[in-house]
Amino acid sequence: MTSLRSIAQEFGKLSAATPRYFRSPGRINVIGDHTDYNMGLVLPAAIDKYVTIAIAQNNDGLIRVKALDIDEEISIELSGSKSDPKEHWSSYFIGVCEILLEKGVQVTGVDCTFSSNIPIGAGLSSSAAICCCFAFGLNELFNGGLSRQELVLVAQQTEHEYVGLQCGTMDQSASLLGKKDQVLKIDCRSQEVSYASLALGDYSFIVCDSQVKHSLASSGYNNRKNDCIKAAESFGVKSVREISSAMLKEKKDLNPIIRQRLNFVIEENDRVEKVSRLLEEGNLSEVGQLIYASHEGLKNQYEVSCQELDFLVDTTHQMPYILGARLMGGGFGGCTINLLETKQIAEFKSTISRRYEEAFGISPRFFDVNIVNGTEELFA
């Protein structure tokens with residue numbers, strides 16, 4: 001990522017105004033995948049990988065933004081009307097501005113430069129961090145008066161309406177509401193957020209990127225989501241969250257595949273509750289076992305894993321210093337999250353790299369993460 005000084009210097013080429021600086025973190029999800037769109041529970045945390053922006057007001061009715069990492073610049077008129085979703089980074093900035101205008105925030109125009117060290121495509125929520133950072137910055141700059149919880153919904157709405165991604169609120173909540181050394185337990189039905197201490201002691205979380213993304217990533221995700229929507233309808237409820245194990249047992253005519261999908265969601269919600277409590281108690285050994293159980297469910301019940309992810313997780317079973325590992329995110333490629341002894345991180349990376357390269361001819365990427373506060377203003 002470009003340094004704050006360089007971000008400031010580049011901003012000076014865009015505008016003569018004095019900017020303010022903000023940053024938003026990416027996130028990990030300790031446990032609770034494919035539960036968000038089922039109105040279930042998730043357990044993310046903000047991490048020390050950031051989007052950083054310099055931002056100042058202009059009165060030209062223009063959105064001027066420069067993406068420093070790719071050396072691209074946009075200059076677009078504030079229209080006050082929705083545009084079609086686009087797969088371009090400018091959509092995040094346009095969407096946030098337009099939605100804030102709809103909510104009565106008097107955005108007259110804005111100049112911005114930004115940079116990020118959140119890896120793109122690694123499942124650490126780089127796009128959500130962009131939306132959160134820009135929304136928070138504009139809200140501060142134009143005295144919008146919106147709460148962080150309201151900005152979570154602004155960022156989500158941006159992804160829905162301007163990017164075309166029908167995401168939940170987990171990523172945005174972690175980025176805006178994160179707290180240092182704490183995980184967020186988010187109830188995706190009520191939007192209630194609570195916190196649990198993350199006292200890892202001699203242990204750390206490490207993210208391992210498989211560097212693969214299979215073609216099923218999009219279609220498989222959508223198929224699972226649609227299966228769950230239809231299943232909820234067949235039970236006469238609004239979401240899978242409302243289906244209990246007893247209800248599942250009583251319904252004899254349910255498709256066996258759908259039954260195992262629903263079993264996973266019910267069990268994963270239960271694991272989130274348990275891990276949240278165990279973290280407070282400092283029982284990392286039990287946390288690790290539940291993380292492994294989550295992967296088994298994602299692999300065998302929800303069937304969203306792949307041979308590369310299974311290899312990465314299976315290999316950790318041979319390493320006594322690892323407490324738990326699982327795929328993190330939508331599946332069909334992407335990352336694993338690993339809980340292990342901090343002093344063994346170098347050994348872990350070396351062993352995994354060697355074995356993974358031997359098996360697949362691909363070098364994995366690793367990301368050391370620390371748990372940090374959410375979106376904040378920086379003072380140069």
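The values are calculated or read from the model by the stated rules, or taken from the named source; none is laboratory data. It should be emphasised that the depicted structure is a prediction, and the values quoted were computed from it without experimental measurement. No Cβ is skipped: glycine too gets one built from the backbone with ideal geometry, and neighbour counts run over all protein chains shown.
Tabulated data for the structure shown
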item: Positions within segment 119-139 being of a type in the set (Ser, Thr, Tyr), in contact with a Pro (Cβ under 9 Å, 6 or more places away or on another chain) and part of a helix (DSSP H, G or I), in sequence order; result: Ser126
item: Some residue of segment 35-52 being touching a residue at least 40 places away in the same chain (Cβ under 8 Å) and under 16 Å from Thr108 (Cα atoms); result: no
item: Output for segment 343-380, where each listed residue is of a type in the set (Ser, Thr, Tyr) and at pLDDT below 95; result: none
item: Test: Ser234 is assigned by TED's automatic domain parsing to the domain that holds Leu323, more than 24 Å from the chain's Cα centre (by Cα) and touching a residue at least 12 places away in the same chain (Cβ under 8 Å); result: yes
item: Residue in segment 59-77 that is without any contact (Cβ under 8 Å) to a residue 40 or more places away in the chain and of a type in the set (Ser, Thr, Tyr) present; result: yes
item: Check on Asn269, exposed (fewer than 15 other Cβ atoms within 10 Å of the Cβ) and in a helix (DSSP H, G or I); result: no
item: Residue check, Asp69 among the charged types (D, E, K, R) and in contact with a Gly (Cβ under 6 Å, 6 or more places away or on another chain); result: no
item: 1 or more residues among the polar types (S, T, N, Q): qualifying strands (runs of 3 or more DSSP E) within segment 13-75; result: 20-29, 44-57
item: Residue under evaluation Tyr195, criteria (1) closer than 21 Å to Ile291 by Cβ; (2) touching a Lys or Arg at 6+ places or on another chain (Cβ under 7 Å); (3) touching a residue at least 60 places away in the same chain (Cβ under 8 Å); (4) not acidic (Asp, Glu), criterion not met; result: (3)
item: Segment 132-149: number of residues that are under 12 Å from Leu177 (Cβ atoms) and touching a residue at least 40 places away in the same chain (Cβ under 8 Å); result: 4
item: Residue check, Tyr162 aromatic (Phe, Trp, Tyr) and more than 16 Å from the chain's Cα centre (by Cα); result: yes
item: Condition broken by His295, with the remaining ones in (1) closer than 22 Å to Lys49 by Cα; (2) modelled with pLDDT of 95 or more satisfied; result: (1)
item: Of all residues in segment 1-34 being polar (S, T, N, Q) and without any contact (Cβ under 8 Å) to a residue 24 or more places away in the chain, the one that is farthest from Ser197 (Cα to Cα); result: Gln9
item: Check on Gly331, small (Gly, Ala, Ser), more than 20 Å from Leu198 (Cβ to Cβ) and modelled with pLDDT under 95; result: yes
item: Residue list for segment 351-369, filter: without any contact (Cβ under 8 Å) to a residue 60 or more places away in the chain and closer than 30 Å to Gln182 by Cα; result: Thr351, Ser353
